[in-house]
1. Net charge near Phe277: determine it from the other residues with C-beta under 10 Å of the C-beta of Phe277, scoring Lys and Arg +1 and Asp and Glu -1.
2. Taking 7 Å along the Cα-to-C-beta vector as the label spot, tell me the Asp53-Glu36 distance in nanometres, rounded to one decimal.
3. Using amide H atoms built in the peptide plane, which far-off residues or other-chain residues are under 5 Å from Gln264 H to H?
4. Can you find, among Tyr177, Asn257, Thr215, the residue sitting farthest towards the positive end of the charge dipole of the range 176-287, where Lys and Arg contribute +1 and Asp and Glu -1 at Cβ?
5. Calculate one ³J(HN,Hα) per residue across the range 162-176 by plugging θ = phi - 60° into the Karplus curve 6.51 cos²θ - 1.76 cosθ + 1.60, and present them in order as whole Hz with x for glycine and proline.
6. So for the range 139-195, considering every pair of alpha-carbon atoms, how many percent are separated by more than 12 Å?
7. Between Lys254 and Thr286, take the C-beta separation as r, use R0 = 35 Å, and let me know the FRET efficiency to the nearest 0.05.
8. For a bin width of 10 Å, list the pair-distance distribution of the chain built from all Cα-Cα distances, rounded to whole %.
Amino acid sequence: MNLVVFDIGGTSVKYGRYQDGSIDKKSSFATPKTWEEMKENLHQVVKDLSDKDTKGVAMSSPGAVDTKEGVIKGFSAIPYLHRFKIIDELEALFNLPVTIENDANCAGLAETQFGVGKDSKNAIYFIIGSGIGGAICQDGKLYKGSSLYGGEFGYMMMKDGKTLSNLASPVQVAKNYAEEHGLSQFSGKDLFDLADTGNEDAKAALSGMYDALATGIFNCLVSLNPDLVGIGGGISVREDLVPELDKRIKALIKTTNARELDYQLKVCQFRNDANLFGAVSNFLSTK
């Protein structure tokens, strides 16, 4: 049995073939400007990667995916994906079963089924990129909430009317830093590199970012009480990430006297392929 797997992103669409527990034939194409062009590209990939053992198409997508209605709600960087019966249209196009799940939820599913969360009963995942995505997995299954906002940690209000995504995304923090210091073409990586040279302003900006992320995680720990918090996204390659967050979370526990609060904080196992494996996990659990 194999599946054709897609991870639809704002700039590119990754794809591959899932077979025997691994994904091969991986490649990508630039995210098209229109739905018609997207369908043409998807259809060609399915034709190229399918054979008699292909059982379906598993997809990861931005947006709030209503799996019951087969519709992507909410909003994203790809507006033409939203608010129509997308699963019905794709199943007719491919003549194969299709599943779609939100990208951050897919990352959580990948870790829960195949990665750092496979031994956890209740886990939450923070996926850190241009914003803060998230997922809640209970007993190995996604908890999406009554309005599909379960795990949308990035919307958490923090201080001065700013959200967790505003304050804890390296992309947003770097953007704010660049504006304050009159810099152009300045990325999150640039901010980390500058801090690593000892620049005090850059170090302070990153410290504020870690403070915000630790506060968001702590708020989830005392409201959802998971046994595991997984951290994914590009920032997860930083060796100092877990120690920086852990010391801040422990300080918040001490301040609030929540001394019996127990948790594990781990870096996610899957990085670039997380959404692909999560799409597979979603397909296998629903079809």
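1. Values: positive: none; negative: Asp7, Glu111, Asp273.
Summing Lys and Arg as +1 and Asp and Glu as -1 gives -3.
2. That separation, rounded to one decimal, is 3.8 nm.
3. Counting only residues 5 or more places away or on other chains, the set is Leu228, Val229.
4. Asn257
5. Here the 3J(HN,Hα) series is 9, 8, 4, 4, 4, 9, 10, 7, x, 5, 5, 5, 5, 4, 5 Hz.
6. Numbers: 1138 of 1596 pairs.
Roughly 71 percent, rounded to a whole number.
7. Numbers: r = 43 Å, r/R0 = 1.22.
It comes to 0.25.
8. With 10 Å bins starting at 0, P(r) equals 6, 28, 33, 22, 9, 1.
Values quoted throughout were computed directly from the atomic coordinates according to the rules given, and no laboratory measurement underlies them. Computed from a predicted structure; not experimentally measured. With ideal geometry, Cβ positions are generated from the backbone for all residues, glycine too; neighbour counts draw on all protein chains shown.
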